[in-house]
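Undergrad: Take a look at this one; I'll ask things after.
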Amino acid sequence: MDTNNSGLLGLLASKMGYLNQRQSVLSENVANSSTPGFKAKDLAPFTFGSALNQAFGMSVTDPKHIVPASMAGVNSKTINTKSFETLPTGNSVDLEQQMMQVSETAVNYQMVTSIYKQITSWFRIAVKGS
């Protein structure tokens, strides 16, 4: 049984993937904080409903099948963020806001990783018997 792509572990793995992708987008924002005309981006929020749909919804049984947009990846859509200020150069990256989001994302990733580790340790206990 593949426990990584089913049920609760699949949902946790999807959330970790989302958080990894968000950290990359936020890092790109910070790296371009002085680039003229650069607009800050973020990912569409992770939704439990779309993650459930991906985990338990339709599945592709043949690599030649067309993958519906809803299955292309949980919340991989990049969106422009609303910034409180835009520089005269047109750059909308607020470093303080970006760093708070980076920190929030790191804390969420640590929490999800901790839950994942706990569940896999329960599986180990169930298999070994102690």
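Undergrad: Being hydroxyl-bearing (Ser, Thr, Tyr), out of contact with any strand residue (DSSP E or B) (no Cβ under 9 Å at 6 or more places or on another chain) and either within 21 Å of Lys41 (Cβ to Cβ) or open to solvent by 90 Å² or more (accessible area, probe 1.4 Å) (or both) is the filter here; which residues of region 84-130 pass it? Working first, answer last.
TA: Restricting attention to region 84-130, the residues satisfying the condition of being hydroxyl-bearing (Ser, Thr, Tyr) are 86, 89, 92, 103, 105, 109, 113-114, 116, 120-121, 130.
Narrowing the set further to residues that are out of contact with any strand residue (DSSP E or B) (no Cβ under 9 Å at 6 or more places or on another chain) leaves 86, 89, 103, 105, 109, 113-114, 116, 120-121, 130.
Listed by number, the residues that qualify are Thr86, Thr89, Ser103, Thr105, Tyr109, Ser130.
Undergrad: Looking at (1) open to solvent by less than 40 Å² (accessible area, probe 1.4 Å); (2) at pLDDT 75 or above; (3) more than 16 Å from the chain's Cα centre (by Cα), find the lone condition where Leu43 falls short.
TA: So Leu43 meets the others, but not (3).
Undergrad: Show the residue pairs that are 6+ apart or on different chains and have beta-carbon atoms under 9 Å apart, the first residue being within region 75-94 and within 15 Å of Pro36 (Cα to Cα) and at pLDDT 80 or above, the second being β-branched (Val, Ile, Thr) and open to solvent by 70 Å² or more (accessible area, probe 1.4 Å).
TA: Ser92/Thr86
The values are calculated or read from the model by the stated rules, or taken from the named source; none is laboratory data. If you're wondering where the values come from, they're calculated on a predicted model, not measured in any experiment. Using ideal geometry, Cβ is built from the backbone for each residue, glycine included, and neighbour counts are taken over all protein chains shown. These area figures cover heavy atoms from the full protein model, side chains too; ligands, DNA and RNA do not enter into them. Shrake-Rupley method; radii C 1.70, N 1.55, O 1.52, S 1.80 Å.
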